[in-house]
Amino acid sequence: MYKKALVGALALALTLGWTLMATPPEAKAAEAKIGVVDIQKVINDSKRGKEAKGMLIKRFEAVQKDLDLRRAEIEKMKLELERQGSVLDPEVRFEKERSLQKKMRDFDDRYRDATEEMRREELRNTKPLFTGISLVVSKLGKERGYTVILEKTRSAVVYSPDTIDLTAEVTRLFDTAP
């Protein structure tokens, strides 16, 4: 992961360097205008992002409550089996162990299903946010004459001064966008 980022940063630096060196002096007058945006921060700080996160948390809490109840039931069955195990009829003990194993398998299945369900729910809630933010960034870039606007955390940006960070402005514009 680090190597990919380093290679990407190096490639970007070399490309920009070669472009500037190969550019005629009159074209250098129109310098590149570069901006960066932390999209995850926009999602976390924007009104719509906070609403989506709140809905996800409510959904997660409901699923977690169900899983906790199932886990508690399994623990109760385990303790009961441990306490009564030595005095139970072998056939009854076997049935209780089988029932416990079935509950544990059911729990594992439900846990996997819940994890996948939450992943899909998160994707469904965040996809429109990414789309909206992309539209805001594109509009901002065109209106302000940016040559390129990079995603701050996922690109090969190793350093950028705060003066080119557009995250706060994008958050403000995203909050006011229809």
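Observations
- In the stretch 102-141, residue modelled with the highest pLDDT [restricted to those that are of a type in the set (S, T, N, Q) and closer than 23 Å to Val63 by Cα]: Thr115
- Entry remark, the stretch 83-136: residues being touching a Phe, Trp or Tyr at 6+ places or on another chain (Cβ under 9 Å) and of a type in the set (Lys, Arg) number 0 in total.
- Scan of the stretch 107-128 for residues that are β-branched (Val, Ile, Thr) and either in contact with a Cys (Cβ under 9 Å, 6 or more places away or on another chain) or free of Cβ contacts under 8 Å to residues at least 60 places away in the same chain (or both), ordered by number: Thr115
- If you filter the stretch 17-40 down to residues that are under 17 Å from Val137 (Cβ atoms) and among the charged types (D, E, K, R), you find that the one that is modelled with the lowest pLDDT is Lys33.
- Flag: Thr147 does not match the condition of being closer than 20 Å to Val36 by Cα and free of Cβ contacts under 8 Å to residues at least 60 places away in the same chain.
- Candidates are the residues of the stretch 158-178 that are within 19 Å of the chain's Cα centre (by Cα) and of a type outside the set (Ser, Thr, Tyr); the one that is farthest from Val63 (Cα to Cα) is Val170.
- Taking residues in the stretch 79-106 that are part of a helix (DSSP H, G or I), and partners anywhere that are loosely packed, with under 10 Cβ neighbours inside 10 Å, not one pair has Cβ atoms closer than 8 Å while being at least 6 places apart or on different chains.
- The residue of the stretch 136-158 that is farthest from Lys47 (Cα to Cα), among those that are out of contact with any helix residue (DSSP H, G or I) (no Cβ under 9 Å at 6 or more places or on another chain) and not charged (D, E, K, R), is Gly145.
- Residue in the stretch 41-58 that is of a type in the set (D, E, K, R), modelled with pLDDT of 50 or more and out of contact with any helix residue (DSSP H, G or I) (no Cβ under 8 Å at 6 or more places or on another chain) present: yes
- The lone exception for Asp38 - which of (1) among the acidic types (Asp, Glu); (2) over 19 Å from the mean Cα position of the chain (by Cα); (3) surrounded by 12 or more Cβ atoms within 10 Å (Cβ to Cβ) it fails: (2)
- Checking each residue in the stretch 157-178 for being surrounded by 12 or more Cβ atoms within 10 Å (Cβ to Cβ), of a type outside the set (Asp, Glu) and in a helix (DSSP H, G or I) picks out Ile164, Thr167, Ala168, Val170, Thr171, Arg172, Leu173, Phe174.
The values are calculated or read from the model by the stated rules, or taken from the named source; none is laboratory data. Keep in mind that this is a model prediction, so the values were computed, not measured. FYI the Cβ positions are ideal-geometry reconstructions off the backbone, even for glycines, and counts take in every protein chain you see.
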